[in-house]
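Right, one structure below, let's go through it.
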Amino acid sequence: MTDTTRPTDMPRPVMDILVQRQLDNMATGNCAYLETFLRMVTAAGMDVRLVFAPFQSFGNRPWAEIHPRLEALVREIEWPASVRIGKRYWSVSPRVWMRFALRILKEVWRRAGGKLTIASYLGREIAPGEARRLAALCDRRPADITLAEYSSMGPALKLMRARTIHACLMHDLLSDRAARFRAGGQLIDFDETSLETELGWLSSCELIFFASVNELETLRPHLPAARMAWVAPDAPEYGPIEDSPAPRVVFIGTVHGGNTEALNHFLDDVWPGIAAEEPGLELHIAGSIGKTLTPQRAGLPGVKVLGRVEHLESLGGANAIGIAPTRFATGVSIKVAEYLLLGMPCAAYPLALEGFGPVLDDLVVVADGPDALKAEILALARDPARRAALSAKAKAEARSRLSHAEPIRAIHEMLSGRK
């Protein structure tokens, strides 16, 4: 079905985005990053149509919603084999309803004590039948750019007959994702794939956008003909910063494996030593990540679990030391950008900066290991002049370094070449 969400007064170039997942939860990193991407595309002067895979996008349940923040950034929504009632889409496919029934049985078994991993569809190649259906749907009204969200949607692009620029949004290099999960001791609950397979999915793409600079550089030698661009994390316009009167340590995070591991590691291996040497120093934990803490960790000396914070300005300023003790990561560590844009001195492990390339290196205090991180945090807590200098530099330079000028230029040049 088609849902027109915003009329247009004059024609603008259109980007179709092929989606194979639900888009209802802005607390996840991939939905937050998709919002950033949509803002960039809108700033480039394009309208967006979301085109959902009719079966795979529903996942394991037959209903879905699109978060209002994402819906506000698109012109149209196409979700074949569904009907919209109010804000919710309902599948009319027996296949999806059967999958839902099976999912219920698996959940009952799991809750009864059975050992069972319920796999996500992330990394699974779009099924041939769905790919053909999506290609035919897009061919009926060809967009200027047709973009696969995740490389695993790439096979649908190859089936299109209409003239359109083939593109992809790489939240993650999927062939590298399993290796990172394994190295971080995380459960692999998605389909693994190889670099060779992923390159095949991307082989028709003329334009590829990346969340991470390091993944862009990994793929560049393999796809030399493709135009590639990094889309930096969004740089929101924050209001006046409410600086605290005393230094404090801040961790901002949503719920995902990398954040959970990082925070638990920090609380187990770093914070006790800091609290022992500076008993008056507090650690403020903001965001949904706080609900993952055990009572023992949440009850450590100086730890304050804030939950969701409506206005992040209340956390920022020169007296707030943002931390990114990231030991396992895919994509880009958005929290580092948030800290800097909020004028916070930031201490991080090298892996937290990997997705940015060298762009932010001199704005962040880098500590290679728990002992070094403890030492840097204590040094910052005891040195107001250094905190003020780092805060001022972050406020002055972070926003321009996270500019979207390059991906916007890539879009304009590709569109110009198509005429």
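The values are calculated or read from the model by the stated rules, or taken from the named source; none is laboratory data. Bear in mind the structure is a predicted one, so any value in this text is a computation, not a measurement. All Cβ positions, glycine included, derive from the backbone under ideal geometry; neighbour counts span all protein chains shown. Each accessible area value is taken on the protein alone, full model and side chains, heavy atoms only, with ligands, DNA and RNA left out. Shrake-Rupley method; radii C 1.70, N 1.55, O 1.52, S 1.80 Å.
The table that follows gives values for the structure above.
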quantity	calculated
Single residue of Ala136, Ala72, Ala101 found to be of a type in the set (A, V, I, L, M), open to solvent by 40 Å² or more (accessible area, probe 1.4 Å) and under 25 Å from Thr42 (Cα atoms)	Ala72
Selected residue (only one of Leu353, Leu378, Leu373 is under 26 Å from Glu237 (Cα atoms) and either in a helix (DSSP H, G or I) or at pLDDT below 95 (or both))	Leu353
Unique match (being of a type in the set (A, V, I, L, M, F, W, C), at pLDDT 95 or above, at negative phi and open to solvent by 30 Å² or more (accessible area, probe 1.4 Å)) among Trp201, Trp230, Trp271	Trp230
Any hit, region 147-161, residues being surrounded by fewer than 17 Cβ atoms within 10 Å (Cβ to Cβ) and either β-branched (Val, Ile, Thr) or farther than 20 Å from Ser57 by Cα (or both)	yes
Residues that are farther than 11 Å from Ser203 by Cβ, touching a helix residue (DSSP H, G or I) at 6+ places or on another chain (Cβ under 6 Å) and part of a helix (DSSP H, G or I), drawn from region 153-168	Ala156
Test set (1) of a type outside the set (Asp, Glu); (2) within 16 Å of the chain's Cα centre (by Cα); (3) modelled with pLDDT of 95 or more; (4) more than 17 Å from Met170 (Cβ to Cβ) - Arg49 fails condition number	(2)
Region 209-227, residues that are farther than 21 Å from Ile334 by Cβ, in a loop (DSSP other than H, G, I, E, B) and either of a type in the set (S, T, N, Q) or open to solvent by less than 90 Å² (accessible area, probe 1.4 Å) (or both)	Leu223, Ala226
Residue in region 402-416 that is outside any loop (DSSP other than H, G, I, E, B), more than 30 Å from Ala143 (Cβ to Cβ) and either open to solvent by 20 Å² or more (accessible area, probe 1.4 Å) or not hydrophobic (A, V, I, L, M, F, W, C) (or both) present	no
Enumeration of residues in region 285-307 that are in contact (Cβ under 8 Å) with a residue 24 or more places away in the chain, closer than 18 Å to Ile334 by Cβ and either small (Gly, Ala, Ser) or not in a helix (DSSP H, G or I) (or both)	Ile285, Ala286, Gly287, Ser288
Test set (1) over 23 Å from Val48 (Cβ atoms); (2) modelled with pLDDT under 90; (3) open to solvent by less than 70 Å² (accessible area, probe 1.4 Å) - Arg124 fails condition number	(3)
Members of region 276-308 that are among the β-branched types (Val, Ile, Thr) and loosely packed, with under 15 Cβ neighbours inside 10 Å	Thr294
Subset of region 12-33 (residues that are under 18 Å from His166 (Cα atoms), of a type in the set (A, V, I, L, M) and either free of Cβ contacts under 8 Å to residues at least 60 places away in the same chain or not in a strand (DSSP E or B) (or both))	none
Restricting region 312-339 to residues that are touching a strand residue (DSSP E or B) at 6+ places or on another chain (Cβ under 6 Å), assigned to a helix (DSSP H, G or I) and open to solvent by less than 10 Å² (accessible area, probe 1.4 Å), the residue that is nearest to Gly287 (Cα to Cα)	Leu315
